[in-house]
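Please treat every number below as a calculation from the coordinates, not as lab data. Source: prediction; values computed, not measured. Every residue, glycine among them, receives a Cβ derived from its backbone with ideal geometry; neighbour counts consider all protein chains shown.
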Amino acid sequence: MYEFSNVDGFLEISESMAEMIKYVANEPSVGLFFIQHHAQNAVPNVIKVKKNLVEKSHETTLQTQDFEDSIAMVRSMKECGSPIANGMIGEIKKAMVTMKTKQPKRGLIRPSASGSQTEIASFWGKTTFHAQEGDEKRSNYFSNVFKSAKKKVNSLNWQQPDARGSIDSKGGK
């Protein structure tokens, strides 16, 4: 009969084991197990990345809208902002010149005869603010400035609009 050596036995066992491993490795259920294991490990990371992507996309959309709004504002400022700013600067300069010409030198302000303290007291009622001796000069100065501004406003002749709604200027064009 046939004699088997130990080496032949180990060789046959190893070939059978290799064949069995190939059979088990190629089994569809084993493949599905590895796919399921990989999916369980990868899905939380994919969800986290998707969430971060949605947040970043939303932030990018908001920033893009902000940039578009800023560009629109800069364009509108370019078109009409300069005349408005120049007009405002001119008005401020006029007001500063008026304040400089109307501002008396220190120590020359005298209390007015109209009784500015009584006017303030009647305006505020019983809760009047009385100035200290050091503050009296400042309060008289400011009340005189406000009075002169009020007189100037009252003395202005406001131009009446004509039938078309435009205002005729006295200086002409």
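All other residues whose Cβ lies under 12 angstrom from that of residue 75 are scored, Lys and Arg at +1 and Asp and Glu at -1, for a net of -2.
Near residue 63, within a Cβ-to-Cβ distance under 11 Å, what is the net charge of the other residues, with Lys and Arg +1 and Asp and Glu -1? In short, -3. Along the range 30-45 the Karplus relation, 6.51 cos²θ - 1.76 cosθ + 1.60 evaluated at θ = phi - 60°, assigns HN-Hα couplings of 5, x, 5, 4, 5, 5, 5, 4, 5, 5, 4, 7, 8, 4, x, 5 Hz to successive residues, with x for each Gly and Pro.
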